[in-house]
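Novice: Starting off with a structure, shown below.
The values are calculated or read from the model by the stated rules, or taken from the named source; none is laboratory data. Quantities reported herein were computed from a predicted structural model and do not represent experimental measurements. Positions of Cβ are backbone-derived with ideal geometry, glycine not excepted, and every protein chain shown enters the neighbour counts. Heavy atoms of the whole protein, side chains included, go into the accessibility calculation; ligands, DNA and RNA do not. Shrake-Rupley method; radii C 1.70, N 1.55, O 1.52, S 1.80 Å.
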Amino acid sequence: MESNFYIGFWQIINMLFLTYSMAIVIIYTGMSLVSIFHLFHYKTRNVDINYDFLLAAADAAPSVSVIASAYNESATIIPCVRALLNLRYSNYDVIVVNDGSTDDTLEKLKKEFQLEKQSYIINYKIKTKKVRGIYRSENSIFRNLIVVDKENGGKADAMNCGINISYKFYVVCVDVDSILERDSLLKLVKAIIEKKDGNVIGVGASVHVANGCKFENGSIREQLVPKRYFAGMQVVEYLRAFLIGRISLGQTKSLLLISGALGIFKKEAMLKIGGYLTSTIGEDMELVTHIQEYHYDKKIPHLVLYIPDPLLWTEVPETLLSLGRQRTRWTRGLIDTLKLHKRMFLNPKYRLTGLLGYTYFFFFEWMAAIVEMIGYIYFIIALCLGLTIWKTFFLLFVFMYLFGTTFSFLGVFINETSFHVYNKTKDVMRLIFYSLFEAFIYHPCIVFWSLKGNYMYLRGNKSWGTMKRKGF
């Protein structure tokens, strides 16, 4: 009788793992098909598009403020701001918020752009740390640049300060360790004005890895894949996440995350929820989730869109220490957002955002590492008890390895066929090489950092962590 109980128990555990594994296969296969279908139509529809019509229609183009927060960004601040000032758009300004830097970030800005302190009326719509000064250039070439010096309050507080400063209709939030393509604003705004009902409250876009690339005067000159393994693996990861994951979630109206590195939002929508939440380290995901929750609660029609164009190049961590800090922070931010907006979970009131988007992030972003860890523990116990069927385990391992590798290959393939970002064959081959060994080196590290992030969250750790910049 007791032996039958244990056999039944192990069979139930086996069935749960099998069900979860099959769910992963079905979900990611479906996401891939949705992404490929959308990309085909997106490229067909935009093959001959001329973005100059937005430049010509200066009065009709929506006004935009590009906001970048900077804290000790001396290595990257000048090329980043130059890139922002060189964007092709007719009605925008650039607001750089120096969030109490302790290095020479502000001094570099003053010298490079000939800044002078000026009086400026600030409408404190959102409460932030004290502003110490507003700077503008004496040189008319930089007339659309505003630099804000404030007390340190974190990235969310700095972005909120930028929103207070802005008098534009839309705000574009960017990371200061990034370089934007010159047509970025044109493509983001085009996605908004194509929806003539005016319901678009946010648009995200693809982000690419800048490490290894060559830059000149704030513009990318040559796209190259990093030679260092962990930086190169992040290229594969970003291609997979943005060109498959984000596209499919955007198309099913279930997108909960627009990368903090680049996103455009209707400022009015941000003000309604009080801007970025300063008490979380996952402020980008929390903002997008909160905005949608608010609009559903108030029954206000809205859309959050995603365009696949590679519009931004960002510097990623190259060392294990920096990468680990980033990933534990991402995990803690994810958990915090899911906890803060838990009433959206499987709630039909929030439509596909709650039924599909929240559920996906809960089970396949947060729970994935936990389930994998439990699987390892289960396998060890089963091995000790002599219950492991090696042939079944081996076949399952090979299948999941091939499926994951194929998924990575697909991200690389979609990127090269749709946008042809990397011109050299050796760069594409390097990405394929990285993909082949992801399961053995990179993936275990990601799982470990995710588990560590869960532990840190339970301990109440809300530290941001630091990453040393190499610069462009």
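Novice: Could you list, ordered by first residue, the pairs with Cβ atoms under 7 Å in which the first is in the range 126-143 and under 19 Å from L109 (Cβ atoms) and of a type in the set (D, E) and the second is part of a strand (DSSP E or B) and open to solvent by 40 Å² or more (accessible area, probe 1.4 Å), at least 6 apart or interchain?
Specialist: E138/E116
Novice: Okay, moving on. So which residues in the range 72-112 are touching a strand residue (DSSP E or B) at 6+ places or on another chain (Cβ under 6 Å), without any contact (Cβ under 8 Å) to a residue 60 or more places away in the chain and closer than 18 Å to I264 by Cα?
Specialist: V94
Novice: Any idea which of (1) open to solvent by 20 Å² or more (accessible area, probe 1.4 Å); (2) in contact with a His (Cβ under 7 Å, 6 or more places away or on another chain); (3) not acidic (D, E) is the one W313 doesn't satisfy?
Specialist: Here W313 clears every test but (1).
Novice: Still on this model: Within the range 9-117, considering only helices (runs of 4 or more DSSP H) that don't extend past its boundaries, which have at least 2 residues that are surrounded by 14 or more Cβ atoms within 10 Å (Cβ to Cβ) and either of a type in the set (V, I, T) or at pLDDT 90 or above (or both)? Give the derivation first.
Specialist: On the way: elements: 52-56, 77-85, 105-113.
Result: 77-85, 105-113.
Novice: Could you please give the count of residues in the range 270-316 that are under 27 Å from R82 (Cα atoms) and not β-branched (V, I, T)?
Specialist: Going through the range 270-316, the residues under 27 Å from R82 (Cα atoms) turn out to be 270, 275-276, 283-284, 306-316.
Going one step further and asking which of them are not β-branched (V, I, T), we end up with 270, 275-276, 283-284, 306, 308-313, 315.
Residues flagged as under 27 Å from R82 (Cα atoms) and not β-branched (V, I, T) within the range 270-316 amount to 13.
Novice: Mind listing whichever residues of the range 321-339 are hydroxyl-bearing (S, T, Y) and crowded, with 19+ Cβ neighbours inside 10 Å? Walk me through how you get there before you give the answer.
Specialist: Within the range 321-339, the subset hydroxyl-bearing (S, T, Y) is 322, 328, 331, 337.
Scanning the range 321-339 gives T328, T331, T337.
Novice: Exactly one condition in (1) more than 25 Å from P310 (Cβ to Cβ); (2) buried (at least 23 other Cβ atoms within 10 Å of the Cβ) is not met by C173; state its number.
Specialist: (1)
Novice: Moving on. Among the residues of the range 118-151, what is the count of those that are open to solvent by 80 Å² or more (accessible area, probe 1.4 Å) and touching a Gly at 6+ places or on another chain (Cβ under 7 Å)?
Specialist: Total satisfying the criteria: 1.
Novice: If you go through the range 218-236 one residue at a time, do you hit one that is under 29 Å from H341 (Cβ atoms) and surrounded by 20 or more Cβ atoms within 10 Å (Cβ to Cβ)? Working first, answer last.
Specialist: Residues of the range 218-236 that are under 29 Å from H341 (Cβ atoms), as a first pass: 234.
If we keep only those that are surrounded by 20 or more Cβ atoms within 10 Å (Cβ to Cβ) too, we end up with 234.
Among the residues of the range 218-236, at least one is under 29 Å from H341 (Cβ atoms) and surrounded by 20 or more Cβ atoms within 10 Å (Cβ to Cβ), which makes the answer yes.
Novice: For the range 375-410, which residues satisfy the criterion of being closer than 19 Å to A241 by Cβ and at pLDDT below 90?
Specialist: If the condition is that a residue be closer than 19 Å to A241 by Cβ and at pLDDT below 90, then M400 is the only one that fits.
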